[in-house]
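The values are calculated or read from the model by the stated rules, or taken from the named source; none is laboratory data. In this text, all values refer to a predicted model and were calculated from it rather than measured experimentally. Because the Cβ atoms are built from the backbone with ideal geometry, glycine has one as well, and the counts that use them run over all protein chains shown. The area values use the complete protein model at the heavy-atom level, side chains included, leaving out ligands, DNA and RNA. Shrake-Rupley method; radii C 1.70, N 1.55, O 1.52, S 1.80 Å.
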Amino acid sequence: MIQPDATHFSRESTSELSVALNKPESFKLMYWPINAVGAISREILAYGQAKWENLAPGNWQEEKLKTPFQVVPILYIKSQNGQDLVLSESSVIEQYLAKTFGLLGDNDYEEYLIKAFHSSSAAIQSHFAQGVTWEGIEVAKAKHFEFFKSHTLKIWVETHEKHLSDNGNNGHYVGNKLSLADIRTACAIEHFALLPEAPELMEIINKSEALLKVRETVAKDPKIAAWRDSELYKKLSHGSVAFFANPFAFIKAPSN
Ligand SMILES: N[C@@H](CCC(=O)N[C@@H](CS)C(=O)NCC(=O)O)C(=O)O
């Protein structure tokens with residue numbers, strides 16, 4: 001059973017909880033044993049050299065009832081004063097961890113730019129998952145995939161290239177240092193690279209030098225490189241390949 005029960009968010013003394021949130025001691029990140037939506041938080045925890053544990057759901061049908069929205073990822077935080085806190089929703093967890101580990105730029109304006117790029121790259125991954133991965137009707141899946149490549153992904157590549165060029169194509173979205181935006185985009189690319197549709201997706205992405213530079217820059221960060229070299233990361237990547245080869249095998253297939 002997961003700890004602690006997170007059916008409800010704590011609501012007492014939110015100012016005390018806020019102080020505790022800003023003084024984390026250790027973390028547990030619960031997500032499926034694959035590199036998908038939960039991968040970004042893991043990467044930030046590794047970058048921050050946090051004391052953290054990777055958790056996977058056990059009896060999910062039971063455990064999900066103890067989570068805020070019956071989805072993972074979920075971040076369990078133990079504060080320095082011993083309080084337990086829970087954050088849910090990938091974008092919120094990633095932004096919290098990014099703030100904790102200095103990945104939100106140098107000022108408020110940079111922070112909002114970083115969050116915009118972060119949101120856009122989260123959306124491209126989500127569009128693909130909803131429109132292609134989880135489309136159970138083969139004809140519709142093929143149609144959605146074509147639309148994704150010719151429209152959604154094309155626009156994402158073009159617009160991100162423009163913004164990366166505005167920043168000097170230095171492998172970062174904002175300024176000259178690593179941010180949540182860089183990590184989010186790199187994780188989306190790493191995720192696409194492990195999918196059965198990778199050859200066609202990567203053919204498009206690989207044409208963009210600006211995006212490749214972000215991918216390469218994130219991969220070269222020493223702390224991220226060490227994480228990606230770990231046995232756990234490799235196991236999660238293998239898990240992704242197996243999962244996405246036939247995602248419906250892992251859940252009840254939709255009835256046509
Ligand atoms: N809005 C949520 C969506 C997360 C989500 O869709 N999680 C999936 C796995 S990627 C999940 O836990 N699904 C519930 C299930 O499989 O029962 C977020 O961004 O965190």
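Determine whether Glu203 is exposed (fewer than 12 other Cβ atoms within 10 Å of the Cβ) and under 30 Å from Gln49 (Cα atoms). No, not satisfied.
Conditions (1) under 22 Å from Ala188 (Cβ atoms); (2) not small (Gly, Ala, Ser), marked per residue:
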| position | (1), (2) |
| --- | --- |
| Ser10 | no, no |
| Glu16 | no, yes |
| Asn22 | no, yes |
| Leu29 | yes, yes |
| Ala46 | yes, no |
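When segment 86-115 is examined, which residues are found to be within 16 Å of the ligand (Cβ to nearest atom), more than 15 Å from Ala46 (Cα to Cα) and not polar (S, T, N, Q)? Selection gives Val86, Leu87, Glu89, Val92, Lys115. Of all residues in segment 41-57, those being of a type in the set (Lys, Arg) and within 16 Å of the ligand (Cβ to nearest atom) number 1.
In segment 27-40, the residues that are within 11 Å of the ligand (Cβ to nearest atom) form Cβ pairs under 7 Å with partners that are of a type in the set (Lys, Arg), at six or more places apart or across chains, as follows: Ile40/Arg184.
Pairs are defined by a Cβ separation below 7 Å, a sequence spacing of at least 6 or placement on different chains, a first member in segment 64-76 that is more than 23 Å from Ser26 (Cβ to Cβ) and outside any loop (DSSP other than H, G, I, E, B), and a second member that is charged (D, E, K, R) and within 6 Å of the ligand (Cβ to nearest atom); no pair meets this definition. Here is a check on your reading of the model: is Phe243 over 22 Å from Ala46 (Cβ atoms), open to solvent by 20 Å² or more (accessible area, probe 1.4 Å), hydrophobic (A, V, I, L, M, F, W, C) and not assigned by TED's automatic domain parsing to the domain that holds Lys149? Criteria not met by Phe243.
For segment 219-240, what are the residues that are outside any helix (DSSP H, G or I) and either in contact with a helix residue (DSSP H, G or I) (Cβ under 7 Å, 6 or more places away or on another chain) or surrounded by 14 or more Cβ atoms within 10 Å (Cβ to Cβ) (or both)? Hit for segment 219-240 is Asp221, nothing else.
Can you tell me which residue within segment 58-85, out of those that are hydrophobic (A, V, I, L, M, F, W, C) and away from the ligand (no atom under 13 Å from the Cβ), is nearest to Gly38 (Cα to Cα)?
Checking each candidate, the answer is Ile77.
Within the set Glu43, Glu53, Glu62, the sole residue that is loosely packed, with under 14 Cβ neighbours inside 10 Å, at pLDDT 95 or above and under 28 Å from Ala242 (Cα atoms) turns out to be Glu53.
Here are Val72, Val37: which of them is open to solvent by 30 Å² or more (accessible area, probe 1.4 Å) and among the β-branched types (Val, Ile, Thr)?
Numbers: Val72 fails: open to solvent by 30 Å² or more (accessible area, probe 1.4 Å).
When all the criteria are applied, what remains is Val37.
Would you pick out the residues in segment 130-161 that are β-branched (Val, Ile, Thr), farther than 21 Å from Val37 by Cα and in a helix (DSSP H, G or I)? Result: Val139, Ile155, Thr159. Cβ-Cβ contacts under 7 Å between residues 6 or more apart (or on different chains), taken from a first residue in segment 171-197 that is free of Cβ contacts under 8 Å to residues at least 24 places away in the same chain to a second residue that is open to solvent by 10 Å² or more (accessible area, probe 1.4 Å) and assigned to a loop (DSSP other than H, G, I, E, B), are listed as Asn176/Asn170.
When Glu197, Glu216 are screened for being surrounded by fewer than 16 Cβ atoms within 10 Å (Cβ to Cβ) and not hydroxyl-bearing (Ser, Thr, Tyr), only Glu216 passes.
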